[in-house]
Each structure stands twice: as structure tokens, then as C-alpha cells.
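What follows is a short report on a single structure.
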Amino acid sequence: MKYERNYAFLILALLLISSTGGTSLAQKAMSQSSFPKPKNVIIMIGDGMGYNCVKAADYFFGPMQIESFPVKLSAATYPAKSGEYKEKDTTKLSWSVGYNPALAWKDSLYLKKDFTESAAAATALATGRKSYNNVIGLSVTYDTLLNLCELAKSIGKSAGVITSVPFSHATPAGFVAHNRTRQHYEELATYMLFRSRCDLIMGCGNPEFDENGKNTGPKWASAKFVADSNLWLSLKSGSGIQTSFIINNKIYQVTDVNGDKIPDPWTLITSEKDFRKLMYGKTPKRVLGVPEVHSTLQQSRDFGKNETKDSPPFTTPFNPNLPTLAEMVRGGLNVLDNNPNGFFVMIEGGAVDWANHDNQKGRMLEEMKGFSDAIDTVIAWVNKNSSWNETLLIITADHECGNLWGGPVFTPVSDNGKNKMPGLKYNSRDHTNALVGVWAKGKGAEMYNVLAGQTDPVRGRYLDNTVIPQLIFMMWGKPVTF
Ligand SMILES: [Zn+2]
């Protein structure tokens, strides 16, 4: 019995038995025939987006649309093993003790231990399995775990990732690739471009531009995020045509994305104009979108004379000539919806976390606005081009970052009115083990209510972050096995 040890599946089956007083529905569930089958699944991740980032954005810009979603839960984010995540020898790491809701609200230091980072969290959210901090798409025994992009491709759907930070960074890489460490950017980018069957990859990492979106001329910033500088030049010159590439004297071939055994070349777009063009009308089959900036769309730009870390958002003008995350998302959806079988996409507001690490209140709010606009774009796309009866949308965070409160730990964020900086205080420069929000809407979303079996005294009902993909794996017919 392959399904016997599937935790979430068992809970569902048991709940179905107890709620119907018979086994027929449960048996039906066992064959998965009664599971909703969304055509499209969209997961949006605010990297480092704790509850108080959402609160702050609600107060400054007006409530985010997720506040009125039908399913509102929380998720525990801890990894399998935590500790200093740059540690290569995982035997030195300690098994995580998980999340204890009673201690979390009693001891202000409790949440500073056993926290995850983005690679382990992305692995949990993409594969339904916990792993070590720093690990991309591998189990605690380093087995390769099937991720949601691979699942989608295996059942004839399209798949992609979109982010406001480098496309080979931990979160997008965790949904596409497999590697012992998130620091192997070159290997991750190579895997994403030449091993995965993704139809769409969008994110920063452009080696020819700096953090202010200025072309650096012959003095390139690092090319590690796109694997290799010569590869980058070939991708540009062979855009839409070239199928074989050379990296460090090795030949790599693009994969076939639609099963016709013909390799599908990447169409590379970089200019703001080309990102906008992608939003409507006919699109290339397979798109790699890398905006003209080095590591983030906006968060890493220089501070203007008048800006401090506490300044309100938009104090320094934005880098010009770049798409917004919302525009990237609109273009990406226009590529993915070419497939009549549907798609899976992971969309990341990646630099909320970067602003939090740097304790930049205003820039965190800028990134929250960018992510919130991207959510609005997805909702508008579902309303116009799909429906909530065929698309499932889940919004969550991979972890909290900055131990952000309205003052000392546990002080609520104070609302100073719209367009006024809310009362905020960072109590850390790193992640915490706090619960994060889970907001869901659309086909099958209410199933998460059934699966949230644990209760936190403040946040209410919560589930483990691995349950988020586990339900999708079940709905799409390939339950996660342990
Ligand atoms: Zn981080």
C-alpha cells in the first residue's frame, strides 16, 4: 500500500469516514475520484513575509485582497534540521523540535531558534517533504524529491516560476531543481535551463546590469545567477532558435516541453518593452525573462540622499526601464495559459525578505506593494481568463524575517493611517520560526480547512507547510509518499 503512510491523505480519509459515518466516501477518496481537480494551481510566496509585513502593508496602502479570501489559515515553517545553514556537514545540525504554540507566545526568544531558510522552505512547499536548511529539492537522505513543476509536466500541464530576485535563487530553484546547496547558483541555473521541462522562467540575475539597472559595459557584474557569461551571450544571440549550448566545454541541450520529442528553445526577453509585449496576444512557446537589473527589481537600488532605513516607501525614485512583478506575472500567465491542460506556477515576491534582513521598513513596504499588485493581477486574470472553479490560488510565506513587531516582541503594529508609516520595530536581522499566513481561494481551497488540524492560541488553526503541496499532489493524482 503506497498510500498507507501518507499523513495528510490519512487525515482526510479519516475525516471523511467520521463525517459521513460510512466508508463509501472514504473509499472514493482513496481512489481520489472525489478530490477536486483544479486545472491551474498558482502558489504565491512572499519571501520573509511575516504577519506583521501584511499588517503594515494593510495599514499603509489599504487592506490587501487576501484579507477577504475565503480560506485564511497559518502554516508552521520549521525545517527537518536547523542550525547554521551554511554548515556543509548536516550531521552537525540538530533535528528541529518543530513549532510549539504555547512556548511561541510565552518566551520571546523561542522563535529565534530552529528557523528555516528559503531553500528548505521552498523544498517543503514544492515537494511536501521537509529537508535540511540550505538543501534544494532533496530529502534528508539526499534522494531527489518530485516537485510541483515536475508533477505538472508529468500530467501534461505547463509549469513555471516568476520572481523579483534572481531566478536561480533558493525559492524559485526549490520549485524546479535539486542540489545539496542553494549556494551553487551556476549548477542551479544550468539545471533550470537545461534539465527542467519548465515552460517559463522569469527572474533577475542579468549579468550586464548593476543594482540600479545601469548597463555596466564590459565590466560585468557576476554571471553566476545565469550560470555563465558565455552561455548568457549565446542565449541572447540564439534566442528562440538555438537548442545546443556550451558551458565550460560541456554541451547542453534544451529539453522538450510538450512531449513531441523536439527540443524547445528558450526565447530570452530582457527589455521592459518585451515584458510588456508579452502581457497580451500571442507569445513564444517557451520564455526566459531576465529584466535589465542585477539581483532585485528595486530593493537593491542605491539609497537617495533623503532616504534612511525608516523612510516611507518610494522616497528614492525607482530604477527606470524595468517591468514590475505584476507585469512579469501578467506576461507569464499569458505564456502558461497557451496549454489547454492548464498549468502550475510559483510566483515570488522575493525581496520582502531582503528588505527585512536589512531592517529597511520603507523598502519592505515597497516590496509588499509590488507583491500585493502581483496578487491583484493574478486575481484579475482568474476573473477574466479563467474562473475560481478551475483555478486554485494559494498565497503564503516561506518564513518570517526580522522578528518584526510594533515595538518589542509581541507589541502589535500600530496603524497611523493610510500613507503614514505604521509603528514598526525590527527585533532581529534574521529569520524566525513564527507561523506565517496561508490564504487560499478557488477550486479545492476549502480542503485546507479540513487539513489544518493544529491550533495556535493567537493565529488560530494552522497546518504544516508541507501540507500545502501534499493536497495538490493528491488532487493531481500522485500522493506524496514517505
Ligand atoms: Zn532570508
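Looking at segment 127-146, is at least one residue in contact (Cβ under 8 Å) with a residue 60 or more places away in the chain, touching a Gly at 6+ places or on another chain (Cβ under 8 Å) and under 30 Å from Gln298 (Cβ atoms)?
Kept after step one, since they are in contact (Cβ under 8 Å) with a residue 60 or more places away in the chain, are these residues of segment 127-146: 127-130, 140, 146.
Next cut, touching a Gly at 6+ places or on another chain (Cβ under 8 Å) only: 127.
Next, from what is left, pick out any that are under 30 Å from Gln298 (Cβ atoms): none.
For segment 127-146, residues in contact (Cβ under 8 Å) with a residue 60 or more places away in the chain, touching a Gly at 6+ places or on another chain (Cβ under 8 Å) and under 30 Å from Gln298 (Cβ atoms): absent.
Would you check if Gly238 is modelled with pLDDT of 95 or more and within 22 Å of Pro320 (Cα to Cα)? Lay out the reasoning, then the answer.
On the way: modelled with pLDDT of 95 or more: yes; within 22 Å of Pro320 (Cα to Cα): no.
Answer is no for this residue.
Are any of the residues in segment 426-434 more than 16 Å from the ligand (Cβ to nearest atom), touching a strand residue (DSSP E or B) at 6+ places or on another chain (Cβ under 6 Å) and of a type outside the set (Ser, Thr, Tyr)?
So far as segment 426-434 goes, no, none of its residues is more than 16 Å from the ligand (Cβ to nearest atom), touching a strand residue (DSSP E or B) at 6+ places or on another chain (Cβ under 6 Å) and of a type outside the set (Ser, Thr, Tyr).
Of the conditions (1) more than 20 Å from the chain's Cα centre (by Cα); (2) surrounded by 20 or more Cβ atoms within 10 Å (Cβ to Cβ), Asp264 clears all except one; give me its number.
That leaves (2) as the condition not met.
Give Phe225, Phe245 a once-over and let me know the one that is in contact with a helix residue (DSSP H, G or I) (Cβ under 8 Å, 6 or more places away or on another chain), modelled with pLDDT of 95 or more and either surrounded by fewer than 17 Cβ atoms within 10 Å (Cβ to Cβ) or assigned to a helix (DSSP H, G or I) (or both). It would help to see each step written out before you state the result.
Details: Phe245 fails: either surrounded by fewer than 17 Cβ atoms within 10 Å (Cβ to Cβ) or assigned to a helix (DSSP H, G or I) (or both).
Among Phe225, Phe245, only Phe225 is in contact with a helix residue (DSSP H, G or I) (Cβ under 8 Å, 6 or more places away or on another chain), modelled with pLDDT of 95 or more and either surrounded by fewer than 17 Cβ atoms within 10 Å (Cβ to Cβ) or assigned to a helix (DSSP H, G or I) (or both).
Looking at Leu148 and the list (1) under 24 Å from Tyr462 (Cα atoms); (2) modelled with pLDDT under 95; (3) hydrophobic (A, V, I, L, M, F, W, C), which single condition is not satisfied?
(2)
From the list Thr127, Thr90, which residue is more than 23 Å from Tyr426 (Cα to Cα), at pLDDT below 95 and not aliphatic (A, V, I, L, M)?
Details: Thr127 fails: at pLDDT below 95.
Being more than 23 Å from Tyr426 (Cα to Cα), at pLDDT below 95 and not aliphatic (A, V, I, L, M) holds for just one of Thr127, Thr90, which is Thr90.
Suppose the filter is surrounded by fewer than 24 Cβ atoms within 10 Å (Cβ to Cβ) and more than 16 Å from the ligand (Cβ to nearest atom); does Asn389 pass it?
Details: surrounded by fewer than 24 Cβ atoms within 10 Å (Cβ to Cβ): yes; more than 16 Å from the ligand (Cβ to nearest atom): yes.
Criteria met by Asn389.
Considering segment 394-409 alone, what residues qualify as being part of a loop (DSSP other than H, G, I, E, B) and away from the ligand (no atom under 15 Å from the Cβ)? Can you show your working first?
Step one: filter segment 394-409 for residues part of a loop (DSSP other than H, G, I, E, B), giving 398-399, 402-403, 406-409.
Matches in segment 394-409: Gly406, Gly407, Pro408, Val409.
Does segment 457-478 hold any residues that are surrounded by fewer than 19 Cβ atoms within 10 Å (Cβ to Cβ) and farther than 18 Å from Phe69 by Cβ, and which are they?
Start the filter on segment 457-478 by keeping residues that are surrounded by fewer than 19 Cβ atoms within 10 Å (Cβ to Cβ), which leaves 457-458, 460-461, 477-478.
Residues satisfying the conditions are Pro457, Val458, Gly477, Lys478.
What is the residue count in segment 327-361 for residues that are more than 20 Å from Leu392 (Cβ to Cβ), more than 14 Å from the ligand (Cβ to nearest atom) and buried (at least 22 other Cβ atoms within 10 Å of the Cβ)?
Taking segment 327-361 first, the residues more than 20 Å from Leu392 (Cβ to Cβ) are 327-328, 331, 350-361.
Narrowing the set further to residues that are more than 14 Å from the ligand (Cβ to nearest atom) leaves 327-328, 331, 361.
Keeping just the survivors that are buried (at least 22 other Cβ atoms within 10 Å of the Cβ) gives 328, 331, 361.
The qualifying residues number 3.
Any residue at all in segment 418-425 that is at pLDDT 95 or above, within 15 Å of the ligand (Cβ to nearest atom), under 30 Å from Pro101 (Cα atoms) and of a type outside the set (A, V, I, L, M)? Quick ask: steps written out before the conclusion?
Filtering segment 418-425 down to residues at pLDDT 95 or above leaves 418-425.
Next, from what is left, pick out any that are within 15 Å of the ligand (Cβ to nearest atom): none.
No; the residues of segment 418-425 include none that is at pLDDT 95 or above, within 15 Å of the ligand (Cβ to nearest atom), under 30 Å from Pro101 (Cα atoms) and of a type outside the set (A, V, I, L, M).
Under 6 Å between Cβ atoms, which residue pairs at least 6 apart in sequence (or on different chains) link something in segment 39-50 that is modelled with pLDDT of 95 or more and away from the ligand (no atom under 12 Å from the Cβ) with a partner that is assigned to a loop (DSSP other than H, G, I, E, B) and among the small types (Gly, Ala, Ser)?
Pairs that qualify, where the first residue is modelled with pLDDT of 95 or more and away from the ligand (no atom under 12 Å from the Cβ) and the partner is assigned to a loop (DSSP other than H, G, I, E, B) and among the small types (Gly, Ala, Ser), are Lys39/Gly342; Asn40/Gly342.
Give Ser164, Ser239, Ser168 a once-over and let me know the one that is over 22 Å from Glu348 (Cβ atoms), touching a strand residue (DSSP E or B) at 6+ places or on another chain (Cβ under 8 Å) and either in a loop (DSSP other than H, G, I, E, B) or not charged (D, E, K, R) (or both).
Details: Ser164 fails: over 22 Å from Glu348 (Cβ atoms); Ser168 fails: over 22 Å from Glu348 (Cβ atoms).
Of Ser164, Ser239, Ser168, the one residue that is over 22 Å from Glu348 (Cβ atoms), touching a strand residue (DSSP E or B) at 6+ places or on another chain (Cβ under 8 Å) and either in a loop (DSSP other than H, G, I, E, B) or not charged (D, E, K, R) (or both) is Ser239.
For segment 242-260, name all the residues that are basic (Lys, Arg) and within 17 Å of Val176 (Cβ to Cβ).
Going through segment 242-260, the residues basic (Lys, Arg) turn out to be 250.
Within segment 242-260, no residue meets the criteria.
If you go through segment 112-131, how many residues are away from the ligand (no atom under 16 Å from the Cβ) and of a type outside the set (D, E, K, R)?
Summing the residues that are away from the ligand (no atom under 16 Å from the Cβ) and of a type outside the set (D, E, K, R) in segment 112-131 gives 4.
Among (1) in a loop (DSSP other than H, G, I, E, B); (2) under 26 Å from Lys250 (Cα atoms); (3) within 17 Å of the chain's Cα centre (by Cα); (4) not small (Gly, Ala, Ser), there is one condition Ile201 misses while meeting the rest; what is its number?
It fails just one condition, (1).
Of all residues in segment 270-303, how many are without any contact (Cβ under 8 Å) to a residue 60 or more places away in the chain and either buried (at least 23 other Cβ atoms within 10 Å of the Cβ) or not charged (D, E, K, R) (or both)? Working first, answer last.
The initial filter retains those residues of segment 270-303 that are without any contact (Cβ under 8 Å) to a residue 60 or more places away in the chain, namely 271-284, 303.
Now drop any that are not either buried (at least 23 other Cβ atoms within 10 Å of the Cβ) or not charged (D, E, K, R) (or both), which leaves 271, 275, 278-281, 283-284, 303.
Counting residues in segment 270-303 that are without any contact (Cβ under 8 Å) to a residue 60 or more places away in the chain and either buried (at least 23 other Cβ atoms within 10 Å of the Cβ) or not charged (D, E, K, R) (or both) gives 9.
The values are calculated or read from the model by the stated rules, or taken from the named source; none is laboratory data. What you are looking at is a predicted structure, and each value in this text was computed from that prediction instead of being measured. Ideal geometry is used to build each Cβ from the backbone, glycine not excepted, and the neighbour counts take in all protein chains shown.
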